[in-house]
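What follows is a set of notes on a single structure, which appears directly below.
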Amino acid sequence: MSIRKAILPAGGLGTRLAPLTHLMPKEMLPVGGKVVLQHVLEECDAAGLDALLVVLNRRKTALFAVAEETPCPADPVTGLPARTVYFANQEQQGGLAHAILHGEAFVGSDSFVVALGDTIIHGGERSLLGRMIAAHREHGAAATVAAQTVPDERISRYGVLDPEGPVGEVFRVRRIVEKPRPADAPSDQAITARYVFSPAIFEACRSCPRNAQGEIELTEAMTWLAERGETVMAVQLDRDQSRLDIGNPQSYAEAFRLLSGEASS
């Protein structure tokens, strides 16, 4: 069956971008003539995802308007918009895995995409999500994650993949180490804000060990799946693709300069 559903976590408070985020959600910050969430919605459209669940909090009701006003392709038969967007409220901040659990009823027995609402995948002639969906189905995976090569000085910011065998465009993952020191990192391949999951991820989120703060780590949930023999795959960004993280002032400024320059050229 084709994969047509996606969960877009957007419930974070954006504290690293304060005071900007005291006025508006970071997903509504302008980048290249659009707000951040519009870029993510259009990426989902390009991958054929037509049922989306945005997980937000009560301070982010302005995102309703972004979803309603972002242009989307029309169904060739009915002429109606080929995207339906739903919303769920994440009342407590419990991390990324906690946000994904809000979508269990929404996805049902279907495999689905997770696309972080504050991260843009920029560039490339091939759809990253499209390649991930194809790899997920080909390998019968329980989880498929986007990967990028990260230098040692930045590796401790990410979940880092422990490959099972050689690293190629698509490779199998044995475990994921959350924010390791460079000396302890199992590779230079880091998670990159895009995922495809089977519904098995929900049991993994409920069953995997919690971190020191009692929160569910999505990296732990994927490792839990791999340790039980489930297939966890990774798909590398193309060389002409990059991750634009709208998570802190420096990365937002870089994304703004890059995409604003392209929009004006």
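Here is a check on your reading of the model: is ARG257 exposed (fewer than 13 other Cβ atoms within 10 Å of the Cβ), over 21 Å from the mean Cα position of the chain (by Cα), over 30 Å from PRO166 (Cβ atoms) and not acidic (Asp, Glu)?
Taking the combined requirement at face value, the residue satisfies it.
Mind checking which residues of segment 203-232 are in contact with a strand residue (DSSP E or B) (Cβ under 7 Å, 6 or more places away or on another chain), hydrophobic (A, V, I, L, M, F, W, C) and open to solvent by 10 Å² or more (accessible area, probe 1.4 Å)?
Of everything in segment 203-232, just one residue is in contact with a strand residue (DSSP E or B) (Cβ under 7 Å, 6 or more places away or on another chain), hydrophobic (A, V, I, L, M, F, W, C) and open to solvent by 10 Å² or more (accessible area, probe 1.4 Å), namely ALA226.
Which of the helices (runs of 4 or more DSSP H) found entirely inside segment 1-77 contain at least 2 residues meeting this: closer than 16 Å to ARG194 by Cα?
36-46
Each row is one residue, and each column tells you yes or no for (1) among the basic types (Lys, Arg); (2) in contact (Cβ under 8 Å) with a residue 40 or more places away in the chain.
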residue: MET1; (1), (2): no, yes
residue: ARG4; (1), (2): yes, yes
residue: ARG16; (1), (2): yes, yes
residue: GLU27; (1), (2): no, yes
residue: VAL35; (1), (2): no, no
residue: HIS39; (1), (2): no, yes
residue: GLU42; (1), (2): no, no
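Within segment 233-254, can you find the residues that are closer than 23 Å to TYR195 by Cβ, acidic (Asp, Glu) and either without any contact (Cβ under 8 Å) to a residue 40 or more places away in the chain or crowded, with 17+ Cβ neighbours inside 10 Å (or both)?
ASP245
Regarding HIS39, is this residue closer than 13 Å to ILE120 by Cα and not aliphatic (A, V, I, L, M)?
Against the criterion (closer than 13 Å to ILE120 by Cα and not aliphatic (A, V, I, L, M)), HIS39 qualifies.
So VAL145 ticks every box in (1) of a type outside the set (Lys, Arg); (2) crowded, with 19+ Cβ neighbours inside 10 Å; (3) more than 29 Å from PRO25 (Cα to Cα) but one. Which box is left unticked?
(3)
From HIS136, HIS122, grab the single residue that is in contact with a Ser or Thr (Cβ under 7 Å, 6 or more places away or on another chain), assigned to a helix (DSSP H, G or I) and not hydrophobic (A, V, I, L, M, F, W, C).
Answer to the check: HIS136.
One line per residue, one yes/no per condition, for (1) closer than 23 Å to ALA99 by Cβ; (2) touching an Asp or Glu at 6+ places or on another chain (Cβ under 8 Å); (3) modelled with pLDDT under 95; (4) of a type in the set (D, E, K, R):
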{"site": "ARG154", "(1), (2), (3), (4)": "no, no, yes, yes"}
{"site": "PRO166", "(1), (2), (3), (4)": "no, no, yes, no"}
{"site": "ARG175", "(1), (2), (3), (4)": "yes, yes, no, yes"}
{"site": "ALA185", "(1), (2), (3), (4)": "no, yes, no, no"}
{"site": "ASP188", "(1), (2), (3), (4)": "no, yes, no, yes"}
{"site": "ARG194", "(1), (2), (3), (4)": "yes, no, no, yes"}
{"site": "ALA200", "(1), (2), (3), (4)": "yes, yes, no, no"}
{"site": "GLU203", "(1), (2), (3), (4)": "yes, no, no, yes"}
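Any residue in segment 19-37 that is within 16 Å of the chain's Cα centre (by Cα) and among the aliphatic types (A, V, I, L, M)?
For segment 19-37, residues within 16 Å of the chain's Cα centre (by Cα) and among the aliphatic types (A, V, I, L, M): present.
Within segment 112-132, can you find the residues that are more than 22 Å from GLY11 (Cα to Cα) and hydroxyl-bearing (Ser, Thr, Tyr)?
At the first step, the residues of segment 112-132 found to be more than 22 Å from GLY11 (Cα to Cα) are 122-128, 130-132.
Within segment 112-132, SER127 is the sole residue that qualifies.
With the condition kept exactly as written, say whether any residue in segment 119-132 is of a type outside the set (Lys, Arg), within 20 Å of ILE201 (Cα to Cα) and buried (at least 18 other Cβ atoms within 10 Å of the Cβ).
yes
The values are calculated or read from the model by the stated rules, or taken from the named source; none is laboratory data. Keep in mind that what you see is a predicted model, and the values were worked out from it rather than measured. Virtual Cβ from ideal backbone geometry, glycine too; neighbours counted across all protein chains shown. All accessible areas refer to the heavy atoms of the entire protein, side chains included, with ligands and DNA or RNA removed. Shrake-Rupley method; radii C 1.70, N 1.55, O 1.52, S 1.80 Å.
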